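The values are calculated or read from the model by the stated rules, or taken from the named source; none is laboratory data. Note that this is a predicted model, so its numbers are computed, not measured. Cβ coordinates were reconstructed from backbone atoms using ideal geometry, including for glycine residues, and neighbour counts include every protein chain displayed.
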Amino acid sequence: MKALIVGASGFVGGELMKVFGDDAVGTYCRTPAPGLIHLDITDEAQVRDVVDRIKPSLIIHPAAQPNVDRCETEADESYRVNVVGTRNVAAAAARTGARFVYFSTDYLFDGTAGPYAPDAAPCPIQVYGEHKLAAEHAVRETLEDHLIVRVCGVYGYHPGGKNFIMGIIAKGGRGEPMNVPVDQWGTPVLAENLAAAVKELALSDYRGVAHPVGPDYMLRIDFARVAAEMLGFAPDFLRPLTTPELRQPAKRPLRGGVDNRSTQAMLHTRLLGVSEGLERVRWQMAAHSR
């Protein structure tokens with residue numbers, strides 16, 4: 001099965017390229033990388049041309065504008081990338097008969113009753129969540145053979161990357177203060193574990209919504225403290241603040257996160273808890289420094 005990974009230059013897209021190996025073709029938009037082809041998902045004609053040329057039987061779409069605060073202040077760009085871009089790729093998949101896997105988020109929910117099951121009613125409280133929900137609707141309306149995977153708190157060792165763990169490693173190593181919310185709950189997932197689970201789901205016959213995240217439901221500050229200690233940093237550099245004190249442009253769901261139990265029941269891949277995931281990060285960090 002030939003897979004097209006749209007957004008393969010990103011953190012999750014790169015992990016998907018690893019698990020699919022030679023069966024995958026990847027795209028980038030702004031960050032060129034060896035072996036990847038250029039694709040601007042907001043250009044409908046270009047999307048159609050790339051899909052016609054590659055002829056994939058599976059298209060996986062982690063590409064997005066994921067900066068929640070930027071989406072709030074630049075809503076037009078968010079809509080163009082997160083909604084129009086997704087619709088363009090889903091339409092190309094439908095036209096060629098490819099199965100389509102779309103990456104969504106726990107930010108669909110207002111954060112009053114998490115972690116949320118796949119059938120929970122969405123209620124976004126910021127532009128990013130509104131646009132990801134609109135994209136989910138576009139996927140459902142465009143093709144039957146689709147899978148929507150909602151994720152939360154993706155982390156992993158990714159030199160040069162900007163995920164939460166790499167921020168802890170950078171700031172912990174320099175002893176620089178790092179602001180961390182004390183009132184935001186989530187369900188963290190190790191990126192490589194997520195990619196393995198998504199591959200299994202993508203190659204199955206399952207259609208609908210899945211939540212391939214870790215089993216631990218925890219506060220972001222608790223995750224940060226566990227991570228700092230496991231990675232060899234005294235946690236004093238972490239500055240615990242409430243969400244209002246962070247003064248971020250976009251609202252955050254406080255009791256967010258998604259419930260993985262129905263998804264884990266479908267999988268052979270075991271979704272890892274935080275301790276095992278961070279142990280993997282610690283090993284990768286040590287190997288990189290040798």
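A few points about this structure:
- So ALA90, is it under 30 Å from GLY214 (Cα atoms), surrounded by 16 or more Cβ atoms within 10 Å (Cβ to Cβ) and more than 17 Å from the chain's Cα centre (by Cα): yes
- Any pair with Cβ under 6 angstrom, 6 or more apart, that starts in segment 65-82 at a residue that is surrounded by fewer than 19 Cβ atoms within 10 Å (Cβ to Cβ) and ends at one that is polar (S, T, N, Q) and at pLDDT 95 or above: GLN65/SER78; GLN65/ASN82; ASP69/GLN248; GLU72/GLN126; ARG80/THR42
- Scanning segment 13-66 for residues that are β-branched (Val, Ile, Thr), touching a helix residue (DSSP H, G or I) at 6+ places or on another chain (Cβ under 6 Å) and assigned to a helix (DSSP H, G or I) yields VAL19, VAL47, VAL51.
- First in segment 155-176 and without any contact (Cβ under 8 Å) to a residue 12 or more places away in the chain and more than 10 Å from PHE233 (Cβ to Cβ), second anywhere and buried (at least 17 other Cβ atoms within 10 Å of the Cβ) and not aliphatic (A, V, I, L, M), Cβ under 6 Å, 6 or more apart: MET166/HIS158
Yes/no per residue for (1) in a loop (DSSP other than H, G, I, E, B); (2) among the charged types (D, E, K, R); (3) more than 30 Å from PHE100 (Cα to Cα):
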position	(1), (2), (3)
VAL209	no, no, no
ASP216	yes, yes, no
PHE223	no, no, yes
LEU272	yes, no, no
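- For segment 102-114, the criterion of a residue being farther than 22 Å from PHE223 by Cβ and either surrounded by fewer than 19 Cβ atoms within 10 Å (Cβ to Cβ) or at pLDDT below 95 (or both) is satisfied by no position.
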